[in-house]
Amino acid sequence: MGGIYLHIPFCKQACHYCDFHFSVHTEETGLLVKAIIKELELQKEYLNGENIHTIYFGGGTPSLLREEELEEILHSIHTFYPVAKYPEITLEANPDDLSIQKLENLKLAGINRLSLGIQTFNDTLLTYLNRAHNSATARTSFRRARDTGFANISIDLIYSIPGQDQAGWAYDIDQALELNPDHISSYSLTIEARTVFGHWAKTGRLQPVEDDLAAAQLEFLMQRLESSGYEQYEVSNFAKPGFYSRHNSNYWRQENYLGIGPGAHSYNGVSRQFNVRNNPLYVKSVEAGRVPAEMENLTTNDRINEYLLTTLRTSWGCNVEFIRTQFNYDLLQENAAYIKQLLDQKMITLNNHTILLTRMGKLMADKIASDLFVLA
Ligand code: SF4
């Protein structure tokens, strides 16, 4: 069940909250695409001939690429890797890039899943976030994508934006539901140090939203989407039945994946590889026949902690028997008092060797996981 992630590190402008790796020098995309194709060849042994079931163009803004460039990349994947018969091929797209012609070409290129970076339907907040689109463009692009025949569309929404109260968040969710997307990813805004918002927070120009309000917004989202027929299969991800993201589900099931492009990560069960977060260095190194990556061998503790962090957030949960047999670690015994406390507080359930977070537990998912971490 291998997957390939392609990091397309270009954006029209920098969103004020974003600390992903990207450059606004979009004139360099051609060189980068060539390097990505070369890296696909250099890394062809990484997944040991595993069938590729999912391909994911993320970024950055992959919708900035020309369709011919996407086709070239997909062609190279088919040349160097065995691809399953019906792969899920996702493209992250910003609403302002999607003309009817572009959408038709994306479909012809083989993209069968779109992930639209809508974030909010409030134009004042979109400007505050420094997004390149407005809410009217978001709605138009979504409808165009449907009309073009995209039957699997996800949208991204952000909550706990300073200035976004509960009524504003309810409005965003209603607007999203009106579009009837197949999948919704929704994350709380995090203020990262190396961003404009990070700088504003440091100088007092921005006041981060209190944790209680962020938790209330997540709780409201869970109630609203559940009652509208969406399954919360991961704390931040909701899908209509049959529309779980196969690519992301594979991450959370510890399947192997190869990350291509500057800043991309790869995982093969025992190690992680991190490509350099610098476009010119990446291109230069790949052109010289070397993948500019650092490798980290995962210890048993790393693997247990990673399993905890990812599976606890999912609807299939954390299998303690798997941890015991795979890593020779008895999570229940080692954390007996804490597990009892979580059960008493109705934060988790424990059935058939599986820990699942309750709705209340989901509000503290990462804290619960880190409390259970095995320390070195
Ligand atoms: S478009 Fe996406 S990747 Fe680019 S700056 Fe904005 S949030 Fe970051």
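The values are calculated or read from the model by the stated rules, or taken from the named source; none is laboratory data. If you're wondering where the values come from, they're calculated on a predicted model, not measured in any experiment. Note that each Cβ is placed from the backbone with ideal geometry, even for glycine, and that neighbours are counted across all protein chains shown. When the accessible area is computed, the model is the full protein with side chains, heavy atoms only, and any ligands, DNA or RNA have been set aside. Shrake-Rupley method; radii C 1.70, N 1.55, O 1.52, S 1.80 Å.
Were the residues from residue 277 through residue 123 laid out at 0.36 nm apart, the gain over their Cα-Cα distance would be 52.3 nm.
Using alpha-carbon pairs under 8 Å, 6+ residues apart, how would you state the relative contact order of the stretch 242-376 in percent?
On the way: 169 pairs, mean separation 24.4, N = 135.
Across the stretch 242-376, relative contact order equals 18 percent.
Taking 295, 347, 222 in turn, the Gaussian network model of the chain (Cα-Cα springs below 10 Å) assigns the largest fluctuation to 295.
Can you pull out the chymotrypsin sites (Phe, Trp or Tyr not before Pro) in the stretch 299-335 that DSSP calls coil and that have at most 15 other Cβ atoms within 10 Å?
On the way: sites: 307, 316, 322, 327, 329; in loops: 316, 329.
Those satisfying the criteria are 316.
What is the distance in Å between the Cα centres of the stretch 36-73 and the stretch 303-343? Cα centroid to Cα centroid, the span is 34 Å. For a quick check, take a GNM of the chain with Cα springs below 10 Å and name the residue from 261, 60, 49 with the largest mean-square fluctuation. Per the Cα network of the chain with a 10 Å cutoff, 49 tops the list.
In the complete set of protein chains, residue-level accessible area for residue 23 is approximately 20 Å², probe 1.4 angstrom.
Just the accessible area per residue of the stretch 284-376, please: how many Å² with a 1.4 Å probe?
57 Å²
Build a GNM of the chain with springs between Cα atoms under 10 Å apart, and of 181, 241, 62 the one that fluctuates most is 241. Classify the stretch 149-216: rounded, prolate or oblate, from the alpha-carbon gyration tensor (a ≥ b ≥ c, eigenvalue square roots; a/c under 1.5 rounded; otherwise prolate if a/b is larger than b/c)? Prolate.
For residue 137, the accessible area of its heavy atoms, probed at 1.4 Å with every protein chain present, is near 50 square angstrom. Residue 108 contributes about 140 Å² of solvent-accessible surface, heavy atoms of the protein only, 1.4 Å probe. Kindly identify the stretch 243-284 as rounded, prolate or oblate by the Cα gyration tensor criterion: order the square roots of the eigenvalues as a ≥ b ≥ c, call it rounded if a/c is under 1.5, otherwise compare a/b with b/c, prolate if a/b is larger, else oblate. Oblate, since a/c reaches 1.5 and b/c is not below a/b.
Which whole-number percent is the relative contact order of the chain (Cα, under 8 Å, 6+ apart)?
Values: 645 pairs, mean separation 61.6, N = 376.
Reported as a whole number, the value is 16 percent.
Return the carbon/sulfur percentage of the accessible area of the stretch 31-120, one whole number, probe 1.4 Å, all protein chains in place.
Working: 1750 of 3500 Å².
For the stretch 31-120, the apolar C and S fraction of the accessible surface comes to 50 percent.
Compactness of the stretch 119-171 is given as radius of gyration and Dmax, 12.4, 36 Å, from Cα positions.
Summing +1 for each Lys or Arg and -1 for each Asp or Glu among the other residues whose beta-carbon sits under 14 angstrom from that of residue 346 gives +2.
Please report the net charge: other residues with Cβ closer than 11 Å to the Cβ of residue 39, K and R +1, D and E -1. With Lys, Arg at +1 and Asp, Glu at -1, the net is +2.
How do 194, 131, 139, 359 stack up against each other in accessible area, from largest to smallest, with a 1.4 angstrom probe? Intermediate values should be presented prior to the final figure.
Numbers: 194 180, 131 30, 139 50, 359 80 Å².
So the residues, ranked largest to smallest area, are 194, 359, 139, 131.
Lacking any other cysteine beta-carbon closer than 4.7 Å, the following Cys residues of the chain have no compatible partner: 11, 318.
Each eigenvalue of the Cα gyration tensor of the chain, multiplied by 5 and square-rooted, gives one semi-axis; in descending order these are 31, 28, 21 Å.
Express the carbon and sulfur contribution to the solvent-accessible surface of the stretch 275-357 as a percent, rounded to the nearest whole number, probe 1.4 angstrom. Carbon-and-sulfur percentage of accessible area, whole number: 49. Subtracting the Cα-Cα distance of residue 337 and residue 306 from 0.36 nm times their residue separation leaves 9.0 nm of extension gain. With a ≥ b ≥ c taken as the square roots of the eigenvalues of the C-alpha gyration tensor of the stretch 1-135, please select rounded if a/c is under 1.5 and otherwise prolate if a/b is larger than b/c or oblate if it is not? Prolate is the answer for the stretch 1-135, as a/c is 1.5 or above and a/b outweighs b/c.
Residue separation of residue 132 and residue 210 scaled by 0.36 nm, minus their Cα-Cα distance, works out to 25.4 nm of gained length.
Please report the spacing between the Cα centers of the stretch 147-185 and the stretch 205-271 in Å, no decimals. If you average the Cα positions of each part, the centres end up 14 Å apart.
Going down the list 107/362; 38/102; 38/240; 12/284; 12/85, which pairs span over 28 Å between their C-alpha atoms? Can you show the working numbers first?
Working: 107/362 36 Å; 38/102 26 Å; 38/240 37 Å; 12/284 23 Å; 12/85 35 Å.
Pairs exceeding the cut-off: 107/362; 38/240; 12/85.
Rolling a 1.4 Å probe over the protein heavy atoms gives the stretch 24-73 an accessible area of 43 Å² per residue.
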